[in-house]
Amino acid sequence: MPGFCKSATTAEIAAHGYVLTPGRYVGAEEVEDDGDPFDEKMPRLIAELEVQFAESSKLEKQIRANLAGLFSKSE
């Protein structure tokens with residue numbers, strides 16, 4: 001099953017110099033093309049990632065403030 005498993009023979013393993021890296025035998029499953037050209041998709045994905053990084057930073061600050069508040073109350 002491409003990308004998941006393969007029953008390799010000892011001859012195949014020997015042909016690869018006894019290297020057991022799964023990718024040599026399993027390969028990658030075929031990914032369905034969504035039709036978006038790469039040069040349009042990548043900038044959109046980067047922009048989404050930047051928004052997620054900003055949200056992550058905001059949440060981290062809130063969590064750190066909450067933790068600091070917990071420790072100052074217990075003292």
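Read-outs: derived from the displayed coordinates by stated rules, not from any lab. Because the structure is predicted, anything quoted here is derived from the model rather than measured. Virtual Cβ from ideal backbone geometry, glycine too; neighbours counted across all protein chains shown.
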| query | Once the dipole of the chain is set up with Lys and Arg at +1 and Asp and Glu at -1 on Cβ about the Cα centre, which of T21, F4, S56 lies farthest towards its positive end? | reply | S56
| said: Between helix 38-74 and the chain, what is the angle of the helix's C-alpha long axis to the longest principal axis, kept within 0 to 90° and rounded to the nearest 10? | reply: 50 degrees
| query | What is the dipole size for the chain, taken about its Cα centre, with +1 at each Lys and Arg Cβ and -1 at each Asp and Glu Cβ, in debye to the nearest 20? | reply | 620 debye
| message | Counting each pair of different Cα atoms once, what's the Kirkwood radius of the chain in Å, rounded to one decimal? | response | 17.6 Å
| field | Percentage relative contact order, the chain, counting C-alpha pairs under 8 Å, at least six apart | value | 28 percent
| field | Over the chain: helical MRE at 222 nm, DSSP H runs n ≥ 4 each giving -39500 (n - 2.57), nearest 500 | value | -21000 deg cm²/dmol
| Dipole magnitude of the stretch 36-75, debye to nearest 20 (Cβ charges: Lys/Arg +1, Asp/Glu -1, about Cα centre) | 340 debye
| field | Whole-Hz couplings from phi, Karplus 6.51/-1.76/1.60, listed for the stretch 16-23; x for Gly and Pro | value | 9, x, 6, 7, 9, 4, x, x
| said: Step by step: find N for the stretch 36-75, compute 2.2 N^0.38 Å, then divide the Cα radius of gyration by it. What's the final number? | reply: 1.94
